[in-house]
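The values are calculated or read from the model by the stated rules, or taken from the named source; none is laboratory data. A quick note: this is a predicted structure, and the numbers were derived from the prediction, not measured. Reconstructed Cβ throughout: ideal geometry from the backbone, glycine too, with neighbour counts over all protein chains shown.
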Amino acid sequence: MPEKSFIQHIVGFITAIEKEQGPLLDELALKCAQVRKSGGLIHLFGSGHSVIPTMDAYPRYGTFVGIHPIFDPRLMWHNVLGPGGVRELLWLERTENYIFQVLQNEPINKGDILIALSHGGTNIAAIEAAEYAKKKGCFTIGVTSMKNAGAASKHSRGLKLSTVVDQVIDTGVPIEDAVYNVESWSRPVGGSSTIVATVIVQELITRIAKALGDMGIEVPTFVSPTVPGASVSSNDEVFLEHAKYLHHAMGISLGIK
């Protein structure tokens, strides 16, 4: 039997998610919509490659105010080797208690939702981000692969993302992440977890929007100037509303009414 193409692998993962977890996605989208309706925030956190779905969540065309991406430049890379490179990022995201210092600066409040992303589910930064949010009174969602459920914890307290969060969305991606095998190569190629996680995030966003629409609610949405009736300045109101929303949330975090 011929090797599946990379696209066929990705389509297979996505099809399985929709078939097996569609009702769960609807349930979580409704929960997120209710949080947005009440004035809360939907936070997303990721590090390393998992920062990509977080960055794609907002601001990007087709996403809306109330979605709050959290990313630390030190947990991303802007270089391959040397300062800002992958080696220091990998060390830092595996360092306990670091992310607590970062999240103290974020408007994470009781009643919010935090979505933490980690393919392996043993990434300490993602685990402790979810733990921090739960202590703040947030509902937490983990986007991870349960194929990694048997992997040993890297945390001193034996924590894994799947055991910390309130609900898991399973990407179904294999442990190796790379899914395409070249006959004469000893290692697979074609990393899949980031693409699948990004699709899950966008699927959630569209289902949240539908749930809000069913409630008769429309929120400011980041729009491409190519959309009929829109222009570059159309997003000024989106940025203004985003700033107001975050300022309000930060005031709550600081105990200011």
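Reported count of residues in the stretch 159-206, each being closer than 19 Å to residue 56 by Cα, not in a loop (DSSP other than H, G, I, E, B) and not acidic (Asp, Glu), is 15. If I ask for residues that are of a type outside the set (A, V, I, L, M), surrounded by fewer than 17 Cβ atoms within 10 Å (Cβ to Cβ) and assigned to a loop (DSSP other than H, G, I, E, B), which ones from the stretch 207-221 would you list? 216, 218 - these are the residues of the stretch 207-221 that are of a type outside the set (A, V, I, L, M), surrounded by fewer than 17 Cβ atoms within 10 Å (Cβ to Cβ) and assigned to a loop (DSSP other than H, G, I, E, B).
Table: residues versus (1) within 26 Å of residue 156 (Cα to Cα); (2) out of contact with any Leu (no Cβ under 8 Å at 6 or more places or on another chain); (3) of a type outside the set (Gly, Ala, Ser); (4) without any contact (Cβ under 8 Å) to a residue 24 or more places away in the chain.
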residue	(1), (2), (3), (4)
6	no, yes, yes, no
48	yes, no, no, no
71	yes, yes, yes, no
75	yes, no, yes, no
92	yes, no, yes, no
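In this structure, does residue 64 turn out to be in contact with a helix residue (DSSP H, G or I) (Cβ under 6 Å, 6 or more places away or on another chain), at pLDDT 95 or above and not charged (D, E, K, R)? Can you show your working first?
Working: in contact with a helix residue (DSSP H, G or I) (Cβ under 6 Å, 6 or more places away or on another chain): no; at pLDDT 95 or above: yes; not charged (D, E, K, R): yes.
So residue 64 fails the test.
Among the residues of the stretch 235-242, is there at least one that is among the aromatic types (Phe, Trp, Tyr) and assigned to a helix (DSSP H, G or I)?
The answer is yes, given that some residue of the stretch 235-242 is among the aromatic types (Phe, Trp, Tyr) and assigned to a helix (DSSP H, G or I).
Candidates are the residues of the stretch 104-151 that are acidic (Asp, Glu) and in a helix (DSSP H, G or I); the one that is nearest to residue 91 (Cα to Cα) is 128.
For the stretch 227-252, enumerate the residues that are among the hydroxyl-bearing types (Ser, Thr, Tyr) and exposed (fewer than 15 other Cβ atoms within 10 Å of the Cβ).
In the first step, residues of the stretch 227-252 are kept if they are among the hydroxyl-bearing types (Ser, Thr, Tyr); the result is 231, 233-234, 245.
Matches in the stretch 227-252: 231, 233.
For the residues 192, 224, the requirement of being exposed (fewer than 14 other Cβ atoms within 10 Å of the Cβ), in contact (Cβ under 8 Å) with a residue 24 or more places away in the chain and touching a Phe, Trp or Tyr at 6+ places or on another chain (Cβ under 8 Å) singles out 224.
In summary, residue 54 fulfils each of the numbered conditions (1) touching a Leu at 6+ places or on another chain (Cβ under 6 Å); (2) among the polar types (S, T, N, Q); (3) part of a loop (DSSP other than H, G, I, E, B) with the single exception of condition (3). Would you confirm whether any residue within the stretch 198-206 is surrounded by fewer than 19 Cβ atoms within 10 Å (Cβ to Cβ), in contact (Cβ under 8 Å) with a residue 60 or more places away in the chain and of a type in the set (A, V, I, L, M, F, W, C)? Checked the stretch 198-206: at least one residue is surrounded by fewer than 19 Cβ atoms within 10 Å (Cβ to Cβ), in contact (Cβ under 8 Å) with a residue 60 or more places away in the chain and of a type in the set (A, V, I, L, M, F, W, C). Is it the case, given these coordinates, that residue 111 is touching a Gly at 6+ places or on another chain (Cβ under 7 Å) and either acidic (Asp, Glu) or surrounded by fewer than 17 Cβ atoms within 10 Å (Cβ to Cβ) (or both)? It is true that residue 111 is touching a Gly at 6+ places or on another chain (Cβ under 7 Å) and either acidic (Asp, Glu) or surrounded by fewer than 17 Cβ atoms within 10 Å (Cβ to Cβ) (or both).
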